1. Might you report the magnitude of the Cβ-based charge dipole of the chain about its Cα centre, with Lys and Arg at +1 and Asp and Glu at -1, to the nearest 20 debye?
2. Let me have the 222 nm mean residue ellipticity of the chain computed from DSSP H runs of 4+ only, each contributing -39500 (n - 2.57), with the sum over all residues rounded to the nearest 500.
3. Per the Debye formula with a single identical scatterer at each Cα and no solvent contribution, what log10 I(q)/I(0) holds for the range 1-109 at q = 0.15, 0.16, 0.21, 0.23 Å⁻¹?
4. So what's the angle, to the nearest 10 degrees on a 0 to 90 scale, between helix 50-63 and the longest Cα principal axis of the chain?
5. Among Ser109, Ser203, Ser45, which one moves the most in a GNM of the chain with springs linking Cα atoms closer than 10 Å?
6. For the pair Tyr210 and Ile177, what calculated FRET efficiency results from E = 1/(1 + (r/R0)^6), where r is the Cβ-Cβ distance and R0 = 30 Å, to the nearest 0.05?
7. Students often get this wrong, so check it: of Lys57/Lys165; Lys25/Lys46; Lys57/Lys162; Lys57/Lys118, which have C-alpha atoms separated by over 23 Å?
8. Which residue fluctuates the most in the chain, going by a Gaussian network model with Cα springs under 10 Å, if the choices are Glu11, Glu80, Glu92?
Amino acid sequence: MKFYRRLCPIEAISFDLDDTLYNNKPVLLAAESRLMTWLGHHFHSKAADTAWWREQKRLMLAGEPGLRHDTTKLRHRTLETGLRALGAKQCEAQELADGAMANFLEWRSQIVLAPEVKRVLAVLAQRRPLVAITNGNASLARFWPEAPFQFSVHAGPDGRMKPDKDLFLSTLERLDIAPVALLHIGDHPRADIQGANRVGCQSGWLTPPYGQAPRPMGQSLPTFSFSQLEQLLQLPL
């Protein structure tokens, strides 16, 4: 654990989910692969082209850049529009997009947490209130219904993606604490560290994230960096 700033008293801790509590990349790749198979089976083999859908997503964002803040809505709109471009009638495209999205959200949340992660958060929850702040659409209710979080906030339904301030401000309002009293833990130097810092929260940078190469330090220094979640148990809480 390396400190870059003086640690102030902590009244609550927020956690990013993807690549902070688990390795998200293989989960997402598996979900997207199953989605392509589903589309090919329920519509047409030409709908099972990952590269084609990637281009549809790019076009959708070019036309409606605000959708980047809601990954679920972005994927659903891309599916519906893409299926119509492939020849589906409007009602059929809507039904297929609804079915595809429901399945994708289920597959995307097939996450298995390491016992050590659960143990560390259980111990921390006995010391301070814990919350989750995520840009993604993994469902805690699906993969960790007994998670020791008082609540969770998600980009899209609860505001714009980190590093924008929305999710942090919503969290602070619900906890009714000053920004400096919240410690945010995450893997991403921009979304998590810069996002927390710009609101005035403290920040702990997990590096390197699961199964990935170390990322360069962002433009905004964290309060501290660390490499294993269990190191958080050393904090003076």
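The values are calculated or read from the model by the stated rules, or taken from the named source; none is laboratory data. Just so we're clear, the structure is a prediction, and the values are computed from it rather than from any experiment. Here Cβ is always computed from backbone atoms with ideal geometry, including for glycine, and neighbour counts include all displayed protein chains. We work out accessible area using only protein heavy atoms, side chains counted, and drop any ligands, DNA or RNA first. Shrake-Rupley method; radii C 1.70, N 1.55, O 1.52, S 1.80 Å.
1. Dipole of the chain, to the nearest 20 debye: 480 debye.
2. On the way: 8 runs with 97 residues, N = 237.
Taken over the chain, the calculation gives -12500 deg cm²/dmol.
3. -0.69, -0.76, -1.17, -1.36
4. It works out to around 70 degrees.
5. The residue with the greatest mean-square fluctuation here is Ser45.
6. Step by step, r from the Cβ atoms, then E = 0.55.
7. Numbers: Lys57/Lys165 25 Å; Lys25/Lys46 25 Å; Lys57/Lys162 20 Å; Lys57/Lys118 35 Å.
Result: Lys57/Lys165; Lys25/Lys46; Lys57/Lys118 exceed 23 Å.
8. Sorting by GNM fluctuation, first place goes to Glu92.
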